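Worksheet: one structure, shown below.
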Amino acid sequence: MPGHDGTAADRKLSDVELLARAWRVAAERHVDHRRKGSRAEPYVNHLAEVADLVAAATGGGDAELVAAAVLHDTVEDTGMSLAELDRLFGPDVAGLVAEVSDDKDLTREERKRLQVESAAAKPDRVKLLRLADKTSNLRSTTVSPPANWSLQRRRAYLDWARAVAAGMRGVNPWLEQQFDLAAAALEDRLQQEEVKT
């Protein structure tokens with residue numbers, strides 16, 4: 001039986017153990033992180049929403065993908081290495097996280113361009129994870145936008161998220177509907193604000 005920091009190679013973790021470990025590691029790694037929005041929500045709220053969307057989209061049938069949803073920002077935002085993810089969670093979870101982690105050595109514009117260009121070629125599980133992440137981000141931008149994001153920046157984010165999602169169509173109708181609802185809600189919010197200005 002692995003200890004507190006046992007590796008995934010010690011023995012195959014049960015789904016419950018895998019998810020419990022993913023939540024513990026994510027909570028530890030993101031302990032001081034807050035969302036950029038005006039409410040400054042704890043970052044783990046975003047991870048919970050993405051994991052919930054993935055779990056619902058898969059009918060609870062893919063614990064590794066849900067674990068990857070919980071851990072999807074650890075490489076980009078906490079400096080956790082893919083090797084450490086592999087050691088703790090195995091190559092499947094580490095590989096999924098790697099697929100949705102942008103190369104921070106590239107400019108923001110280049111990272112965004114690559115997400116749009118590569119979306120259609122990603123495996124279906126990666127598409128599910130990325131679509132859940134974009135859905136959560138749109139929801140957050142609607143109810144708690146970053147204070148320093150102008151209407152123009154929020155509209156640009158919405159347009160970019162739609163461009164990424166366009167390459168992922170056909171992967172899961174329910175999740176695509178959640179994305180579309182989130183995009184429409186943000187669109188409505190932006191239009192309301194534009195009328196007031």
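All of the numbers you see were taken from the coordinates with simple rules; none came from a lab. Note that the structure is predicted; figures quoted are calculated from it, not measured. With ideal geometry, Cβ positions are generated from the backbone for all residues, glycine too; neighbour counts draw on all protein chains shown.
Applying the Karplus parametrisation 6.51 cos²θ - 1.76 cosθ + 1.60 with θ = phi - 60° to the phi angles of region 81-90, what ³J(HN,Hα) value in whole Hz is obtained for each residue in order, glycine and proline being reported as x?
8, 5, 5, 5, 4, 4, 5, 7, 10, x
Which whole-Hz couplings ³J(HN,Hα) result when phi for each residue of region 171-185 is put into the Karplus expression 6.51 cos²θ - 1.76 cosθ + 1.60, θ = phi - 60°, listed in order with x for Gly and Pro?
3J(HN,Hα) across region 171-185, in whole Hz: 7, 6, x, 5, 5, 4, 5, 4, 4, 4, 5, 5, 5, 5, 5.
Can you match volume of the Cα convex hull per residue in Å³ to one of these, (i) 125; (ii) 139; (iii) 113, based on a calculation from the structure here?
Comparing each candidate, only (iii) matches the computed number.
Based solely on its DSSP helices, what 222 nm [θ] is calculated for the chain when runs of n ≥ 4 H residues each add -39,500 (n - 2.57) and the sum is averaged over all residues, nearest 500 deg cm²/dmol?
-21500 deg cm²/dmol, from helical runs alone.
Subtracting the Cα-Cα distance from 0.36 nm times the residue separation, let me have the gained length for Glu28 to Ala40 in nm, one decimal.
Contour length minus Cα-Cα distance gives 2.5 nm.
Using the basic label-point model (7 angstrom from Cα toward the beta carbon), what is the Arg87 to Trp149 distance in nanometres?
3.5 nm
Counting only other residues whose beta carbon sits under 15 Å from that of Val16, what net charge do I get with K and R as +1, D and E as -1?
0
Let me know the number of lysine pairs in the chain closer than 26 Å at the Cα, not counting same-chain pairs under 8 apart.
Taking the chain as the scope, the lysine pair count is 14.
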